[in-house]
Amino acid sequence: MRRERVSDDIYVFTSDLYAQVTASAVVTREGIVVIDTLPFSNETQEMIDYLNALGQGPIRYLVNTHWHGDHTNGNYLFDPSIELVCHKKCQEALLQHGREALEEAKEASPLLEEAELRVPDVVFEEGEMVLHIGNKSIELALMPGHTLDSTVAYVREDKVMLAADTVMPVPYFVWGDRHKFLESLKALEQYQMESIVQGHGEVLLRGEIPSAIQSSIKYLNFIEKKVMEVVEKGQSPSALDRLTIDKCGKSRIPLNGLVQDLHRANLLSLYEELSAKAN
Ligand SMILES: [Zn+2]
């Protein structure tokens, strides 16, 4: 697990074991707010131990940004006295898919042997909720796209956006909705941001933010157009192979190349959707 600090009060923890998943912690005068867990129990426990040893007060809240296991598998490791918070849609998705997803993950990895499903019970239903704690205001805003329950957490005082999977090296919408994704990225541009903590991969610094968001917007529009051409010509999905990630305006390098798999999955899901509509 890699640890870094993006402001005086915000720590970011990055998994070494799976897809460079990030989790964050906001230190306030009245305790610590954690945003997401890491995929595997040992890394989440290491993060909790580190935060407890800081001497900056107890962990008070854990926020889940969306239901995916790589961000929620560690929920069960937090003390029962800690409040778990998420959007109502995230709670519903965890209740619906969480158990099955966790069972699959457990079969795939002994590191999750002891994991149990724990679903947040403090929910918000509106588009936005502000968590006021100590000297910090953390705006939780629903930004559907990657999934329909995707939420970001913006720390006003630090101007840091904990964007989770709403910002990734390549926008990944197979579980979500690419049109809503575009709207969410445009909404994200309205914030004043010193840095963005992506759900996977490197932290984006101020100078990198506008081009990163724009390139994701362009990517979503570009692949829609290109996949539509393939569908209109009646070509098979193998015709998608020539639409490499580089040709679609994104680098093939981030997340140790995993972005190429995400990109291919995007293309295929788009192909299936557009060809179903065409027929
Ligand atoms: Zn996700």
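No lab work stands behind these numbers, since they all come straight from the coordinates. All values derive from a computational prediction rather than experimental measurement. Positions of Cβ are backbone-derived with ideal geometry, glycine not excepted, and every protein chain shown enters the neighbour counts.
Quick look at the values:
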{"item": "Ordering of 273-279, 260-266, 94-100 by burial proxy (mean other Cβ atoms within 10 Å per residue, highest first)", "result": "260-266, 94-100, 273-279"}
{"item": "In degrees, nearest ten, helix 99-108 long axis to first principal axis of the chain (Cα)", "result": "80"}
{"item": "Across Lys159/Lys186; Lys180/Lys226; Lys136/Lys218; Lys180/Lys250, pairs whose alpha-carbon gap is larger than 24 Å", "result": "Lys136/Lys218"}
{"item": "Neighbour-limited loop hits for GluC sites (Glu not before Pro), the stretch 1-57 (at most 15 other Cβ within 10 Å; DSSP other than H, G, I, E, B)", "result": "Glu30"}
{"item": "Overall dimensions of the chain by Cα: Rg and Dmax, Å", "result": "18.7, 63"}
{"item": "Spherically averaged projected area in nm², based on the convex hull that wraps the Cα atoms of the stretch 26-109", "result": "5.4"}
{"item": "Stokes-Einstein translational diffusion, the stretch 218-278 - Kirkwood Rh over all Cα pairs, 1.306 mPa s, 10 °C, in µm²/s", "result": "136"}
{"item": "0 to 90° range, to nearest 10: angle between helix 258-278 axis and the chain longest Cα axis", "result": "50"}
{"item": "Highest-first arrangement of 253-259, 168-174, 180-186, where packing means the average Cβ count within 10 Å", "result": "168-174, 180-186, 253-259"}
